[in-house]
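Notes to accompany the following structure.
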Amino acid sequence: MKYEACIGLETHVMQKTRTKMFCGCKHEYGAEPNTNVCPVCLGYPGALPVLNATAIELCCKAGLLLGCEINPHSKWDRKNYFYPDMSKNYQITQADRPLCLGGKIVTEVNGELKTFTLERIHQEENAAKNTHASSGSLIDYNRAGTALMEIVSNPCMHSADDAFAYIQALKLIMEYGGISDCDLEKGHMRSDVNVSVRPVGQEKLGAKVEIKNMNSPSFIVEAINYEIARQIEVIENGGKVIQETRGYDSDRSETFSQRTKEDAHDYRYFPEPDLLPVEISAAQIQKWKSELPELPVQRRERYVKELGLPDYDAKVLTAEKHISDFFDAACKLTKQYKLVSNYMMGKVASLVTEKSISVVESKLTPETLAQVADLVSGGTIGSSAANELIEILFTSGGDPKVIVEAKGMAQVNDDSALEKWAEEAIAGNAKAVADYKAGNPASVNALMGYVMKQSKGKANPPAVIAMLKKKLDS
Ligand code: ZN
Ligand code: MN
């Protein structure tokens, strides 16, 4: 029998807010544990929550970027559970009336354009961070109560590749949209992955397994592949897939049973009595719409249409926001867009790999890269000198013109020097000269190679060709 996998993702994204969701405590990564806390986020009885307006704005903007409908009347609910990462013993979230409804992500999967639909986005608060050591468990409440959105997809993905592309696209949109830094190391983006299989042709979904709290896209891919194979095997052997929560063991690349799945009613959701419903006017939604930043797809289109770049360049440059931002900044200072693009994808990218630091952390700036492009297009330096110069700027910084001067990197355009090299080339390469005179214009390249060697790469190639032709044709 043939089987089809159905995969849905519930992705938690931490918003870029200055303070927490329901109190004024700072939202700050890496602070001394349990220093950004107060009676509200520690769950003291009687402490009252106050809504963070920026979080609501960011959640709605995320929704607008993803094509969701903004719910004009949303409300808050308590999700009750007992665990020390939430000392109130409930999480404030949105059950039946979330902030955003519907939406979609359109992205390429192995060259094919696919649309993945969303069910909803709701706003909630984050739990504290637990660290389990052999001596005991540690809890850091700095993260408790920070703003967290949950983006829920429909079970519309059918392979690990689909899920990978979905996560990458979602991450880019959140970064470009200024919603979240999506730093996976800092846990800014974590997904619960629901996987089920069913015989091809069957409409009803199979029993789903939920793999909780994964932040690494490559582990998500491994876990999905493992889970699809496991469930098919269970069914093929005459068994039944049990609805449950499973963990992922990255050392063994397999999932393992954690607990049989609780149902929503186990959480005893009920309306949060300490917070008013959120009313959002059409005018407010219109205003947020007008403030939305450019998304990666739009930027890619702009690079092709306005800067005249090939689509390949545009795709590579927009794949990471900080690279695209750097490129944009450089292109405000020079008109040599294609040269800047070549350096970003070529020399700069290889330096990033070689030195293991990002272009933003390097000493190269959009200003200095733009100047390199202008020095090349103006004929001051040649392409090998440009690469050398970029490397110096990347590691040590400095003023491109001063470095060119100090290191003698400038191209030789001077006629008398070129003439001397051309004469030497002609005198020393009788065969190439004879070929040229016999009607083979390409043999001038052999002579040019000789000049470039003699000049240690500093002669300006078009000027060399012109000089050689002048001599040979006279
Ligand atoms: Zn607080
Ligand atoms: Mn959640």
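What follows draws every value from the coordinates through simple rules; no lab data is involved. Note that the structure is a prediction, hence the values are computed from the model and not measured. Cβ: placed from backbone, ideal geometry, glycine included. Neighbour counts: every protein chain shown.
The table below lists the values:
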item	result
Rounded to whole Å, sorted largest first: equivalent-ellipsoid semi-axes of region 3-284, Cα gyration tensor	31, 23, 18
Table column - 3J(HN,Hα) (Hz), region 439-455, Karplus curve with 6.51, -1.76, 1.60, x for Gly and Pro	x, 10, x, 5, 6, 5, 4, 5, 5, 5, x, 4, 5, 4, 5, 4, 8
The chain, relative contact order in percent, only Cα pairs under 8 angstrom and at least six apart counted	13 percent
Least to most buried among Thr368, Thr380, Thr260 (fewest other Cβ within 10 Å first)	Thr260, Thr380, Thr368
Estimated vicinal HN-Hα couplings, Hz - region 118-131 in sequence order (Karplus 6.51, -1.76, 1.60; Gly, Pro = x)	9, 8, 5, 10, 10, 9, 8, 10, 7, 9, 5, 9, 9, 10
For region 230-294 and region 382-419, distance of Cα centres in Å	57 Å
Region 3-284: relative contact order as a whole-number percent, Cα under 8 Å and 6+ apart	25 percent
The chain: angle of helix 461-473 to the longest principal axis, Cα-based, in degrees nearest 10	30 degrees
Inter-site label distance for Lys335 and Lys363 at 7 Å from Cα along Cβ, in nm	3.2 nm
Cβ-derived FRET efficiency at R0 41 Å, Ile465 paired with Glu28, nearest 0.05	0.10
Orphan Cys of the chain, criterion: no other Cys C-beta under 4.7 Å	Cys6, Cys23, Cys25, Cys38, Cys41, Cys59, Cys60, Cys156, Cys182, Cys331
Segment Ser250-Glu203, extension gain: residue separation times 0.36 nm, minus the distance between their alpha carbons	13.7 nm
Cα lying deepest toward the dipole's positive end in the chain, options Ala229, Val340, Val402, charges on Cβ	Val402
Extension gain, Ser396 back to Phe219 (0.36 nm per residue minus Cα-Cα distance, nm)	60.0 nm
Value at 222 nm in deg cm²/dmol, rounded to 500, when DSSP H runs of n ≥ 4 in the chain each add -39,500 (n - 2.57)	-11500 deg cm²/dmol
5 angstrom amide H check on Arg246, placed H, neighbours 5+ away	Glu210, Ile211, Lys212, Gln258
Footprinting exposure proxy for Val402, Val348, Val316 (fewest neighbouring C-beta atoms within 10 Å first)	Val402, Val316, Val348
Whole-angstrom gap from region 101-138 to region 44-98, using each part's C-alpha centre	15 Å
Under 5 Å, built H, 5+ apart or other chain: amide partners of Asp77	Thr93, Gln94, Ala95, Glu272
Check: region 294-406 dipole with +1 on Lys, Arg Cβ and -1 on Asp, Glu Cβ, in debye	240 debye
Longest exposed-site-free window of the chain, the sites being GluC sites (Glu not before Pro) in a DSSP loop that have at most 16 other C-beta atoms within 10 Å	29-202
Sequence-distant residues sharing a close amide H with Gly382 (under 5 Å, placed H)	Gln411
Net charge over other residues, Cβ less than 15 angstrom from the Cβ of Lys401 (K, R count +1; D, E count -1)	-4
Charged-residue dipole, Cβ positions (Lys, Arg, Asp, Glu), the chain about Cα centre, Debye nearest 20	680 debye
Virtual paramagnetic centre 7 Å along Cα→Cβ of Asp325, amide N under 15 Å, in region 277-307	293-296
Cross-link pairs Lys186/Lys332; Lys20/Lys79; Lys171/Lys355 - those with Cα-Cα distance over 27 Å	Lys186/Lys332
Scattering curve values for region 294-406, log₁₀ I(q)/I(0), Debye with Cα scatterers, q = 0.10, 0.14, 0.23 Å⁻¹	-0.26, -0.51, -1.32
From phi via Karplus (6.51, -1.76, 1.60), per-residue ³J(HN,Hα) for region 166-177 in Hz, x at Gly/Pro	4, 5, 4, 5, 4, 4, 4, 5, 5, 5, 4, x
Unit charges at the beta carbon, dipole of the chain: most positive-side option, Ser87, Val278, Met452	Met452
Solvent-free Debye scattering, log10 I(q)/I(0), computed from the Cα coordinates of the chain at q = 0.06, 0.08, 0.09, 0.11 Å⁻¹	-0.42, -0.65, -0.76, -0.98
